[in-house]
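Down below is the structure, laid out as structure tokens.
The values are calculated or read from the model by the stated rules, or taken from the named source; none is laboratory data. All values reported here derive from a predicted model rather than from experimental measurement. With ideal geometry, Cβ positions are generated from the backbone for all residues, glycine too; neighbour counts draw on all protein chains shown.
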């Protein structure tokens, strides 16, 4: 693992030759990682010291998350040269983050071809296949021979994102076939590319396909790249496997953060300012707090019961949290199964049918533990729950069955409801479920108490 | 998307010829997906109807999760032929799931070479580079020319997992260089492979490297495969990018389920039996329940306060849940940052320094909302909190500051503590944090109440 300390040191001591030499021996990904930890002014200086080819490679790394800030600090000409040499998908990624003024400044300087490609890519959502694809695709005509194709690959290899997958087009530029370089090099050089390899219709995605779905397609069919085609099967670009890994990892981070009950950060934890961090966390926390206020309202309604039997208040945290916990389990299961495509929206009924017995069993287990706990404490004299302690234990036990069952059902259905309403099911966070279950939990608890303790404690 | 209905139908009507024809037109991954939804006896029948080459491809799909059950239902000879033709990494994956008796039965029938390779792979943990690598590696000697290497690739292409990365060995079989097929086809055919491409030391991993770390290395350097080498840099195998995607997705599923407060399922939601599902959820739920019992103990200690002011009980759910929610946010952030390698164990102090002001601010915001809520309800006559309503509102507001701050700190430190103790930081689930914060939340709440309400309500 490279350390950022030497780079910082060289920068401070200001020996650019030595700095350039150190950097030239490093891999682009490692340089990008080191630059991430430098302020953008310093990073811009280092970029200027790099040989142009290496600088382009470093800038092609999506891990260099503040490259937009670096570009903003560079002179227009240097920045233009760098951006023009980047791959199309990374250009688009960079431009999405630039300030509008810098975007205009740079876009005006780019050559016609780059500008056209970039403008096209920027039209797509960043989370779609169109948003993460690159336009540097290796296409050949269907009547070319294997030999001609191979020599074409040798010529154009430098400018293409991948040369391992070759897209074969008919005379009207429609995608008709896909061959791999592996198939080409073992094929008879005089056959046409159309005849090499698998005859099935190529796997494709549309530019609007969600990047999660693109990842699923690539992973499922073990592809190195998937072509993005329009309705007439004209190739707009390709998404390569390494872009997909980046997309999977980003998506994963967002999902975990959402499940934790906040907006996705969109940047590494240590890179984000305190103000933005609070801005990402406060809204959800406040929304949950406002919903949770319903518990106070519910408690007010049950005040006379609490006044009569303060004993009941003691088990409120225990009973409520169990509902939240079982709900959180169920939600995490369903979110993940939905994300992986294991279950579909229409399966909600099959899930409910499974969660009901699961919840009842889990609730039964906790109910027995809760009942035993109160009886044991009473018998051993740890605490005196009064003459009606059996009824109190029964109240806690029975309400646990109801609350855990409700928690499992509510937790498993929430992601479906969210998806049905057009939201991301991953927004069904653990705190969201807990809040949902808390109010109902109180109502269940006090209703069970009323039934069991009516005429004795209540 | 293929549908499983036709396959099921054909099976039921029992026309094997028609079934074989339908399947022959499908991709291996799609057949595997269809088979997943069939009981293993039916799936074994379908496998028997497939042409051998396609059957091997289907069996090479890790998505066919119950293939071990299918193998157990096949005749030994048919199963042996199939297993021998599979790629080494998938063989190992399959053997890990077989019953010991079937493992012995099949292992004895395999040819010497397959058995040796498999025995080697089975020695590694399933979550390590050694456990997911394949041994079908394309290696060449360093003094070979590009031309000789290319013709060698054409010969052996069929049996290798990838031909796009070629590993160059010195005379003692140590890895000295890596070239890509891309670099080879544009290189001068008469140069030696040693001289082609990048001269830097190849990126490698050791067989014990965690699969998450392997994924990180492949993603970072945009590799198609990474070699697994021993201490002397002899190549033991390679991990390819598609294996890594499978590993990332599995890891992600486990992490989400753990964060939801349960053991990872290890199988799709709909495939797992109700009994196993409960077995995965009940232990954590019980552990959380037993810990949460501390809240009942805490409440018992504060019973005299509750007796004096039942009003205080009303805000317990609200105040407690806010601590859990802020803790859940902080935990999800830190788990993810640790998983991505953005922060290290030694950074705990820097995190604490950030979470303290964040927690104070978030707590301050909720505190103000809570205070205002009580004052407004009182003023508008929605509920009467008594003559000391300002003090009650102040109690709720101040304890929220304390509880949310404590929640953020505890939630962010828990993953560090777990990693320090040798556990997976992802075990720091949302319910775990909530439980941790609940007891402390009660203590904070009643302590604040005592300070503010002493002499009035208490």
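See the values below:
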quantity: Residue list for the range A:264-274, filter: more than 9 Å from every other protein chain (Cβ to nearest Cβ) and either in contact with a strand residue (DSSP E or B) (Cβ under 9 Å, 6 or more places away or on another chain) or at pLDDT 80 or above (or both); calculated: A:264, A:272, A:273
quantity: Among the candidates A:212, A:231, A:195, residue that is on the phi < 0 side of the Ramachandran plot and within 13 Å of the chain's Cα centre (by Cα); calculated: A:212
quantity: Among the residues listed as A:297, A:310, the single one being more than 7 Å from chain B (Cβ to nearest Cβ), within 30 Å of residue A:388 (Cα to Cα) and surrounded by fewer than 20 Cβ atoms within 10 Å (Cβ to Cβ); calculated: A:297
quantity: Lone unmet requirement of (1) farther than 19 Å from residue B:222 by Cα; (2) facing chain B (nearest Cβ under 9 Å); (3) touching a residue at least 12 places away in the same chain (Cβ under 8 Å) for residue A:223; calculated: (1)
quantity: Matching entry among A:370, A:411, A:381, A:407 (being under 27 Å from residue A:311 (Cβ atoms) and either at pLDDT 95 or above or within 34 Å of the chain's Cα centre (by Cα) (or both)); calculated: A:407
quantity: Hey, residue A:89 under 28 Å from residue A:265 (Cα atoms) and assigned to a helix (DSSP H, G or I) or not; calculated: yes
quantity: Test: residue A:431 is over 22 Å from residue B:299 (Cα atoms), buried (at least 22 other Cβ atoms within 10 Å of the Cβ), away from chain B (no Cβ under 11 Å) and in contact with a helix residue (DSSP H, G or I) (Cβ under 9 Å, 6 or more places away or on another chain); calculated: no
quantity: Only listed residue being in contact (Cβ under 8 Å) with a residue 24 or more places away in the chain, in a helix (DSSP H, G or I) and out of contact with any strand residue (DSSP E or B) (no Cβ under 8 Å at 6 or more places or on another chain), chosen from A:94, A:107; calculated: A:94
quantity: Qualifying residue in the range A:385-396 (condition: within 27 Å of residue B:246 (Cα to Cα) and crowded, with 21+ Cβ neighbours inside 10 Å); calculated: no
quantity: The range B:271-285: number of residues that are surrounded by fewer than 16 Cβ atoms within 10 Å (Cβ to Cβ) and not in a helix (DSSP H, G or I); calculated: 1
quantity: Qualifying position, being in a helix (DSSP H, G or I) and touching a residue at least 24 places away in the same chain (Cβ under 8 Å), among B:437, B:417; calculated: B:437
quantity: Some residue of the range A:41-53 being farther than 25 Å from residue A:269 by Cα, modelled with pLDDT of 85 or more and part of a helix (DSSP H, G or I); calculated: yes
